[in-house]
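Peer 1: This is the structure I have questions about; it appears just below.
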There are 4 protein chains.
Amino acid sequence: MDSRRVEALADGIFAIAMTLLVLELHVPALPASASSRDLMIGLWSSWPKFAAYGGSFLILGVLWIGHHNQFHYIRRADRWFLWINICFLMCVSFMPYCTALLGSFIWNRAAAAIYGVALLVTGAVLYGQWIYAVRNGLVVHDAPPEIVEATGNRILFGLVGYVIALGFLLVSPLIGLALYVLIPLLYLRRGGIDRHLAAEHRRDRPE
Amino acid sequence: MDSRRVEALADGIFAIAMTLLVLELHVPALPASASSRDLMIGLWSSWPKFAAYGGSFLILGVLWIGHHNQFHYIRRADRWFLWINICFLMCVSFMPYCTALLGSFIWNRAAAAIYGVALLVTGAVLYGQWIYAVRNGLVVHDAPPEIVEATGNRILFGLVGYVIALGFLLVSPLIGLALYVLIPLLYLRRGGIDRHLAAEHRRDRPE
Amino acid sequence: MDSRRVEALADGIFAIAMTLLVLELHVPALPASASSRDLMIGLWSSWPKFAAYGGSFLILGVLWIGHHNQFHYIRRADRWFLWINICFLMCVSFMPYCTALLGSFIWNRAAAAIYGVALLVTGAVLYGQWIYAVRNGLVVHDAPPEIVEATGNRILFGLVGYVIALGFLLVSPLIGLALYVLIPLLYLRRGGIDRHLAAEHRRDRPE
Amino acid sequence: MDSRRVEALADGIFAIAMTLLVLELHVPALPASASSRDLMIGLWSSWPKFAAYGGSFLILGVLWIGHHNQFHYIRRADRWFLWINICFLMCVSFMPYCTALLGSFIWNRAAAAIYGVALLVTGAVLYGQWIYAVRNGLVVHDAPPEIVEATGNRILFGLVGYVIALGFLLVSPLIGLALYVLIPLLYLRRGGIDRHLAAEHRRDRPE
């Protein structure tokens, strides 16, 4: 099966999971005639939900970029690959629930741990998908070996980060949650893959 | 009408139905200051909803793969084919409701039977769509006859499975529900279609 | 602007509107230990919601096919065309609300009238979009005039049907609602457009 | 990374955000046997929600057209561009919440200000995305300079409009809200970009 169809489903599920996050934000339960001040207080009191919304949106953005970087090198899909991908998408579509849980119980260690474990599992499935694709010849033949390795390492890096964050959670929820937000931000930096893609682009279309 | 547009709508509806399943999972109704232990107990008590979520996601994944395998061989759509396909998509988009019903009433025979009948009807429409496409020349001309037959038989196999599961439901809900989960897992095995697609791929791009 | 991008947005909105219909179906508010009989009674009592769900899904299916038939002949989009299309999509995305209203108040003339007027407005915008495209040269140049006319007439036919249905609503809600369901079924019949598309297909790929 | 994949995610998020707006419209809480008159009164009393729905749908339509006009000239995406785009999509997917807030508290200055500030931020991110793309060579090389400038100015024009609307909000919510609706309507007028796209189209396919 062509990998493009898998991407269409994945893009759809990412788009929906990212947009469904907003359904967890509720309008304050105040009368329509509430004063501006009461409304601001009502909104302020649900800051954990807004924080969870912003954080989860960014994390899903990181995962989407990671998924797409993989598919830049994947040309074909077999049945097992499809199934690993469906498991990955199940993890992605589960994120709105974890976000709702964390937004409702922000200082609760169990809620924070579930959120972190969900991210770990999601990352692990994404990593497994890449390893499976590499070992079963689903990757394009001219993919440079250093990029194949860098793509895997980039995911591993995040997995290690979330294991550390889960460890800190036992000591202090505040540090653990701060790490949850910090790790995706580290993905902002340009990596070897970006340099390779830019070089590939320059080579293809010299201007 | 070109079959690609039908696929775009189908991919969209599958992606949304799969992601909407998560809206049936509710955060436990506990105060924000609830202890980790209370939260875990609250989550545990709604295990049927999580089980229904996971099961339905996998089943929709099986159906999506089945739908796409069909469209690999379909090149054209006429009005009746479009309508059979819309009926199929109606069944798909109905799955979140059946899932909610089963998640709320896990040991209720009526809920389990409705879920099973919905799957049966969905599979039957998918089967009917394939038969219609084959008989009305909507399938590509170089599709090998053994694959055309295998594609139909693969769906029939699941239909028979769900009839058996519905029968067991009368004896014991536990066995019936276990079969519901088991049948999609059987679709993991590589079939004749996979071997054919892989052979086709090797032939098209010898490396 | 290329018309393909407009189609991507339209396919997305149709897919979501069709799938969101299911959120209006609620699980009966019964204890988890309810008997099968109580569950069936609970489900039966909300038959108007199921009927509204099925009817609206079919109607959205008709509209989607109509929208796609138009875009088969449209190659380009200007700003006004985009805006007419966005108004059409606003009507489409409003359908889940009308469906919820009709499902909650099935024998209420106001609810049935709102549903019918919404369909009328949706059809009128679709008709206006086609007329605008034809008059402003957005249609492909080799579109046969009889097809251009038939495409418009097909929509007009439904508009007249819904005006008649709204008239009958004043006499009897039952007849009015029956017509609502009957009109989309009439679109099942093969029309001039289908014959033309089939002929075009045979001409392009003689086998 | 190819810009087409970014567009697929964007189209998905726009389609979902536009369709989720409808979930904020609730069926009046009346008994199923309510009279037509009671139903109409119930619907009328929630006019602010309908107004917010219509306004937000149009504004998202304007933003979608603006996003697509940009991507007509963008051929490539780097990591920072992807991140600016994800921030833009986060703003877009936040609109249903702002709409719900404004629909619930229509005469509340805080709700109206939050809505306006959200629009300002969304527009500013869209503007920043364009400036970043222009300065970092992500734009096609044959894009005429006057169009590159006009695309930016068109967004700036809306930003200035919403700053003015926010100013009027301090004086009178009515004038402020009226401006919110008026500004997107101004985007209906044909601009330099449309003339350029039409000319480009005529040049590419002289008939």
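The values are calculated or read from the model by the stated rules, or taken from the named source; none is laboratory data. Only a predicted model underlies this, so the values are computations on that prediction, with no experimental measurement involved. Using ideal geometry, Cβ is built from the backbone for each residue, glycine included, and neighbour counts are taken over all protein chains shown.
Peer 1: Between C:LEU169, C:LEU120, which is farther than 18 Å from C:VAL62 by Cα and among the hydrophobic types (A, V, I, L, M, F, W, C)?
Peer 2: Testing whether each residue is farther than 18 Å from C:VAL62 by Cα and among the hydrophobic types (A, V, I, L, M, F, W, C) leaves just C:LEU169.
Peer 1: Residue check: is C:ALA52 over 14 Å from B:TYR97 (Cα atoms), modelled with pLDDT of 90 or more and out of contact with any strand residue (DSSP E or B) (no Cβ under 8 Å at 6 or more places or on another chain)?
Peer 2: For C:ALA52, the condition - over 14 Å from B:TYR97 (Cα atoms), modelled with pLDDT of 90 or more and out of contact with any strand residue (DSSP E or B) (no Cβ under 8 Å at 6 or more places or on another chain) - is met.
Peer 1: Something else about it: Could you please give the count of residues in region B:54-106 that are touching an Asp or Glu at 6+ places or on another chain (Cβ under 7 Å), under 17 Å from B:VAL181 (Cβ atoms) and either among the small types (Gly, Ala, Ser) or surrounded by fewer than 22 Cβ atoms within 10 Å (Cβ to Cβ) (or both)?
Peer 2: The total comes to 1.
Peer 1: Would you be able to tell me the number of residues in region B:124-151 that are out of contact with any Leu (no Cβ under 8 Å at 6 or more places or on another chain), buried (at least 16 other Cβ atoms within 10 Å of the Cβ) and small (Gly, Ala, Ser)?
Peer 2: 3
Peer 1: Here is a follow-up. Of all residues being polar (S, T, N, Q) and more than 8 Å from chain D (Cβ to nearest Cβ) in region A:34-57, which is nearest to A:HIS68 (Cα to Cα)? Just the residue, please.
Peer 2: Among residues in region A:34-57 that are polar (S, T, N, Q) and more than 8 Å from chain D (Cβ to nearest Cβ), the one nearest to A:HIS68 (Cα to Cα) is A:SER56.
Peer 1: Output yes when any residue across region A:31-43 is buried (at least 17 other Cβ atoms within 10 Å of the Cβ) and among the polar types (S, T, N, Q), and no when none is.
Peer 2: Taking every residue of region A:31-43 in turn, none turns out to be buried (at least 17 other Cβ atoms within 10 Å of the Cβ) and among the polar types (S, T, N, Q).
Peer 1: Right, next: Would you be able to say whether some residue in region A:173-182 is in contact with a helix residue (DSSP H, G or I) (Cβ under 7 Å, 6 or more places away or on another chain), within 30 Å of B:ASP38 (Cβ to Cβ), away from every other protein chain (no Cβ under 14 Å) and crowded, with 20+ Cβ neighbours inside 10 Å?
Peer 2: Yes - at least one qualifying residue is present in region A:173-182.
Peer 1: Scan (1) part of a loop (DSSP other than H, G, I, E, B); (2) under 30 Å from C:GLY42 (Cβ atoms) for the single condition B:ALA113 breaks and write down its number.
Peer 2: (1)
Peer 1: Would you be able to tell me the number of residues in region C:1-30 that are farther than 30 Å from C:LEU138 by Cα and facing another protein chain (nearest Cβ under 9 Å)?
Peer 2: Adding up the residues that qualify gives 11.
Peer 1: Do the conditions hold for B:ILE147, that is, is it modelled with pLDDT of 90 or more and assigned to a helix (DSSP H, G or I)?
Peer 2: Criteria not met by B:ILE147.
For (1) closer than 18 Å to A:LEU21 by Cβ; (2) over 17 Å from the mean Cα position of the chain (by Cα), each residue gets a yes or a no:
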residue: D:TYR97; (1), (2): yes, no
residue: D:ILE106; (1), (2): no, yes
residue: D:ALA111; (1), (2): no, yes
residue: D:ALA118; (1), (2): yes, no
residue: D:VAL121; (1), (2): yes, no
residue: D:ALA124; (1), (2): no, no
residue: D:ILE131; (1), (2): no, yes
residue: D:LEU138; (1), (2): no, yes
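Peer 1: Might you check whether a residue that is surrounded by 16 or more Cβ atoms within 10 Å (Cβ to Cβ), touching a helix residue (DSSP H, G or I) at 6+ places or on another chain (Cβ under 6 Å) and farther than 26 Å from B:GLY61 by Cα occurs anywhere in region A:4-22?
Peer 2: No, region A:4-22 contains no residue that is surrounded by 16 or more Cβ atoms within 10 Å (Cβ to Cβ), touching a helix residue (DSSP H, G or I) at 6+ places or on another chain (Cβ under 6 Å) and farther than 26 Å from B:GLY61 by Cα.
Peer 1: In region D:103-136, which residues are without any contact (Cβ under 8 Å) to a residue 12 or more places away in the chain and farther than 20 Å from A:SER33 by Cα?
Peer 2: Listed by number, the list holds a single entry, D:ARG135.
Peer 1: I'm checking my understanding of the structure. Among residues of region C:44-53 that are more than 30 Å from D:GLY61 (Cβ to Cβ) and of a type in the set (Ser, Thr, Tyr), which one is surrounded by the most Cβ atoms within 10 Å (Cβ to Cβ)?
Peer 2: C:SER46
Peer 1: Only one of (1) in contact with a Phe, Trp or Tyr (Cβ under 6 Å, 6 or more places away or on another chain); (2) within 13 Å of chain A (Cβ to nearest Cβ) is not met by D:GLN70, so which one is it?
Peer 2: (2)
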